[in-house]
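Have a look at the structure below before the remarks.
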Amino acid sequence: MLTEARHLILKVAHIQALQSRQLNWQAVQASQFIQNLETQKTAIEQKLDIKRYPFNTLDNLQLVDRLFAASPLNLQEIISTGSILDVGCGDGDFGFYLSSEGHAVDLLDFEETNQNRMQMLRELSKALSGKHSVTSLDLDRGLNSLDSSYSFAIALGLIYHLKNLFLFLNDLATLSNFAVVSTRILHGAVLPDKAAAAYLVDDHELGLDNTNFWLFNSRGLQRLAERCGWTIVSRVRFGDLNAGDLHRQDAREALLLASNYSVFGGIRISYGLNRVEYGSYRWTQSKFGIEAKLESNGPGNLYIRYYLPESLLDHHKLSVSRNGNPIRVERSVGAKECLLRVPLDSNQLLVKLDIVCEHPTGNTDDKRPLGIVLQLDSKTPPIWLSNS
């Protein structure tokens, strides 16, 4: 065990020594975390007579780095503006590492299929410092029981273990601005590369594991993500790319995804969203944030098209601030929709806005902190930039 731990420490330290422009995780910090993690795991194994999750999930640090390096996004900006969801987390190594770096992390797995019925995960949650929570949830029943929203979600090596992929991935898109997912892929003789295809695995056909269900080819994985409310930002293939069948070493693919429910090109709602309703609209909370990336000499205005029930329409108030400083805005209220224009400073390339919506009390039975309603349509996004 000690030899394996030292090997892991050296391996991750080598990865981190590359000093990625996106992640910029320090080798020393990663090594200290791993040493503590290994010590705690060994103690828990001996105390409870259980076995740890057998795979090294911290290798995914490098995978996430590659995905962001191939994209226009910056991971540090994304994970610094909200909570993180680690889904199908095993023993939680990845999530606990992010928690140790100061991020709020919710770790999610299912007790009935977890390697040690989540005993290791729960004990590590008590032993390791950081802001984190642990939840057991049957992911095939969806994510409706989760009340939080997330800036970033991790679902690595998970989706071929799920029966109800459409439900899970669509629910995830309503909860998180961005996500990284990875899965095993098939191609060639098993699934024709030109078709967007999936293969239903037979009982114990793959790795003698009857919790494996769906495998996709690359086009099929792309189609699945897009039909579930995501835009693919970048993708990375790894593993044995010349094989990709059921019997030889497998090929894998990872996707960096942006939610169509909260990310609109270079604009995203950074916090303060309620759940998507009926797949077509969502309430913001009474306070929410918007981040917009501008090109040099770019658009001078940000527009928000929104809706409200008639009982709230006439007397609602909106205030907008940037870095705590109020901004004068223009608002037009129509019979069917409202339009808010926010003038932007063209000298700033990243604009962060905080918006507060106030309603008269007692006009609705909904107890959520309600703001405005955004109609979700990929062809006409509710928030956009313009020079006019």
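The values are calculated or read from the model by the stated rules, or taken from the named source; none is laboratory data. Since the model is a prediction, treat every value here as computed from it, not as a measurement. Methodologically, a virtual Cβ is constructed for each residue, glycine included, from the backbone with ideal geometry; neighbour enumeration extends over all protein chains shown.
For the reader, a short list of remarks on this structure follows.
- Residue within segment 117-127 that is within 20 Å of Ser176 (Cα to Cα) and either under 17 Å from the mean Cα position of the chain (by Cα) or not in a helix (DSSP H, G or I) (or both) present: no
- Candidate set: segment 110-163, residues that are polar (S, T, N, Q) and modelled with pLDDT of 95 or more; chosen: the one surrounded by the most Cβ atoms within 10 Å (Cβ to Cβ): Asn116
- The residue that is modelled with the lowest pLDDT, counting only those in segment 274-288 that are closer than 17 Å to Asn144 by Cα and small (Gly, Ala, Ser), is Gly279.
- Condition broken by Gly265, with the remaining ones in (1) crowded, with 22+ Cβ neighbours inside 10 Å; (2) touching a Pro at 6+ places or on another chain (Cβ under 8 Å); (3) of a type outside the set (A, V, I, L, M, F, W, C) satisfied: (1)
- Once segment 343-388 is narrowed to residues that are of a type in the set (Gly, Ala, Ser) and assigned to a strand (DSSP E or B), the residue that is modelled with the lowest pLDDT is Ser386.
- Scanning segment 180-191 for residues that are assigned to a loop (DSSP other than H, G, I, E, B) and surrounded by 13 or more Cβ atoms within 10 Å (Cβ to Cβ) gives Leu186, His187, Gly188, Val190, Leu191.
- Residues within segment 332-348 that are without any contact (Cβ under 8 Å) to a residue 24 or more places away in the chain and either closer than 15 Å to Trp384 by Cα or not assigned by TED's automatic domain parsing to the domain that holds Pro360 (or both), tallied: 0
- Leu312 falls short of the stated requirement of being of a type outside the set (Ser, Thr, Tyr) and part of a strand (DSSP E or B).
- Condition met for Glu310 (among the acidic types (Asp, Glu) and either farther than 17 Å from Arg282 by Cα or in contact with a Cys (Cβ under 7 Å, 6 or more places away or on another chain) (or both)): no
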